[in-house]
Every structure is written in C-alpha cells, then in structure tokens.
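Heads up: the structure comes next, in structure tokens.
The values are calculated or read from the model by the stated rules, or taken from the named source; none is laboratory data. This is a predicted model, so every value here is computed, not measured. Virtual Cβ from ideal backbone geometry, glycine too; neighbours counted across all protein chains shown. Remember, those area values only see protein heavy atoms, side chains included, never the ligands or the DNA or RNA. Shrake-Rupley method; radii C 1.70, N 1.55, O 1.52, S 1.80 Å.
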Amino acid sequence: MRLRSLTVCLLLLVGTAAAAPAMDGPPEAAETRAHALLSQDPPDWTGARQAFRRAAEAGSATAMTHLGWIHEQGHGVPRDGERAAHWYSRAAMAGADAFALKVAWMYLAGDGVDRDRERAEHWFGHAIDAQHTPAKTAWASVLISDALGGRAPHRVFQAKGLLEEALDEGQIMAAYFLTRLYMEGIGDHPVDDQEAARYARIGADHGHGQMQGWLAFMYQQGQGVDADPVLAAKWANLAAAEGDPLGEQLRRRLDENLDDEDRAAARRLAVEWALGRP
C-alpha cells in the first residue's frame, strides 16, 4: 500500500513537471520569439513585450531598447516616456551607447519626460565617455547653443575640443560647428577667417551644401582665402545644386559678373568635382 502511494506521488510529480512551462532559454531565444510575435498580423504586443522583458532581465541590451520603443510609442500599452527612458537608460548601461545619447536628448528637450538639464548632461557625458562619436558633436552643439544665448560662453572651448575629436573620427558635421565657431566668434571664441575657411573646405569637400555656400562666399570676398571668382562660382554652383539659398544667390550674381570663359571654367570645375567624388 505504501509502495502504491509512492508510485502515485511520483506519477503526479512527473505529470506536473510535464505540464509546467519550460525554463527560459538564452535571451536570444526570447528575442526571436518576440520578433515572431511582432510579425503576426496583428502583432501580439503583449506577448512580444513579455518576451522582450525576459530577454532584458537576462541582460540583452537590444531587448531593453525594444522595450523602450514599445513604451515610447505606446504599442499595446499607454505611452510612457518615463518607462521608455528607464529601459533606454538600462540599455545604455548595458553597452548600447547610442541610447545614452537618446536619453540625453529626451531629458534636454522634455520629450516624454520632465526637462532635466542635469540628467541630460549626465547621459551626454556617459555617451562621450563610451567614445560614442555622435555624442561629442551633439553635446558640443548644445554648448554652442548655450553660448549663443549668453550662457557659459567659456564652454565653447570644451565644445571645440569635442568637435576636433569628432572630426578626426569621421563626423563631418563637426566641421560645420567648427566653421561657425571661427567664422562667427561664438561665446568667448575668437574669429579666425583662415581657420573658418579651412573647416568650411572640409565640409564642402564632403558635399555639405551649406558649407559649400560659405566657401563660395569666402572665395568671392577673399575672406580667409585669396579672392577667386572662378572658385567662388564653382562652389556656388555645387551649393546651389544641393539647394543652399546662399549658394543659389551667389551663383546668379557670379553668372552675371563672370565672362564666358570664367563662367565655363567654373562649371567645368564643378562637374569635375562632382564626377570625382567616391
């Protein structure tokens, strides 16, 4: 009788184990499940969120970013910027450096969360410390904007250092802000026409229409470079082709003032530059 009771208990235990859900596998499996649920028509937002949550709690930074997106956009849940920022912040701490920058912009702009300059600066700093290059340009742009508004004009030198690093790392937009620093003398930064022209040339050579327009103006005026109406017209033509208003204005003015030979030379130089781009 005792043996029969033991047998029944063992069978019940086996049955219970078989009926119980399997232990969670690696986070990749949960994420795969989540994406499968999202691909359904209509998406199973609740199931996907639960699967992403399992993967996130197992340490998946990408699952954390998906949870942030779900809460930010309100997919299957009410929109909740604070929850979104929570998950984006966790993702950043787990190595998704781009989301430190996203959280920084959220707090700076009050996008779904209360404006918080201190928190914003913390997350900009986190991304910069992680060597996330776009964060260097982004934070520098904030410091420059501050200086334009009369706030902490001395921090433009911190901005310049970050921009120089970012440019060395391939962020061409850094040249845009460096040109402005030297061209406009923002905050405590001095004007230097030659440096402004040097950075404008970097941006122009990479196809940035506004910097092409600036460079055209510099060649027209002899500002930081030797005056050269043909080179001015070359860069004005290229800037105008990119839709830059200054470039279009200069193109028309130079077309009126150049003789046929110089006008043709400028157009030839512009075409050669365009065809020579990688």
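Given the conditions (1) surrounded by 12 or more Cβ atoms within 10 Å (Cβ to Cβ); (2) at pLDDT below 95; (3) out of contact with any Asp or Glu (no Cβ under 9 Å at 6 or more places or on another chain), report the number of the one that PRO43 does not fulfil.
Against the list (1) surrounded by 12 or more Cβ atoms within 10 Å (Cβ to Cβ); (2) at pLDDT below 95; (3) out of contact with any Asp or Glu (no Cβ under 9 Å at 6 or more places or on another chain), PRO43 comes up short only on (2).
Taking ARG79, is it outside any helix (DSSP H, G or I), touching a residue at least 24 places away in the same chain (Cβ under 8 Å) and open to solvent by 60 Å² or more (accessible area, probe 1.4 Å)?
Answer is yes for this residue.
How many residues are more than 19 Å from ALA100 (Cβ to Cβ) and either touching a Phe, Trp or Tyr at 6+ places or on another chain (Cβ under 7 Å) or not in a helix (DSSP H, G or I) (or both) when one looks only at segment 127-162?
5
Just to check your reading of the model, which residue among GLY213, GLY203, GLY224 is closer than 25 Å to THR133 by Cβ, modelled with pLDDT of 95 or more and in contact with a helix residue (DSSP H, G or I) (Cβ under 7 Å, 6 or more places away or on another chain)?
Being closer than 25 Å to THR133 by Cβ, modelled with pLDDT of 95 or more and in contact with a helix residue (DSSP H, G or I) (Cβ under 7 Å, 6 or more places away or on another chain) holds for just one of GLY213, GLY203, GLY224, which is GLY203.
Out of the residues in segment 113-159 meeting the condition of being closer than 22 Å to HIS208 by Cα and surrounded by fewer than 21 Cβ atoms within 10 Å (Cβ to Cβ), tell me which one is nearest to the chain's Cα centre (by Cα).
PRO134
With the checklist (1) out of contact with any helix residue (DSSP H, G or I) (no Cβ under 6 Å at 6 or more places or on another chain); (2) outside any helix (DSSP H, G or I); (3) closer than 30 Å to GLY59 by Cα in hand, flag the one item TRP105 doesn't pass.
(2)
Only one of ALA51, ALA84, ALA55, ALA91 is touching a Pro at 6+ places or on another chain (Cβ under 8 Å), over 22 Å from ALA140 (Cβ atoms) and buried (at least 24 other Cβ atoms within 10 Å of the Cβ). Can you tell me which?
Criteria check complete, one pass: ALA55.
Step by step: first the residues of segment 224-278, then only those that are small (Gly, Ala, Ser) and within 23 Å of TYR182 (Cβ to Cβ), then the one that is surrounded by the fewest Cβ atoms within 10 Å (Cβ to Cβ). Which residue is that?
The selected residue is ALA227.
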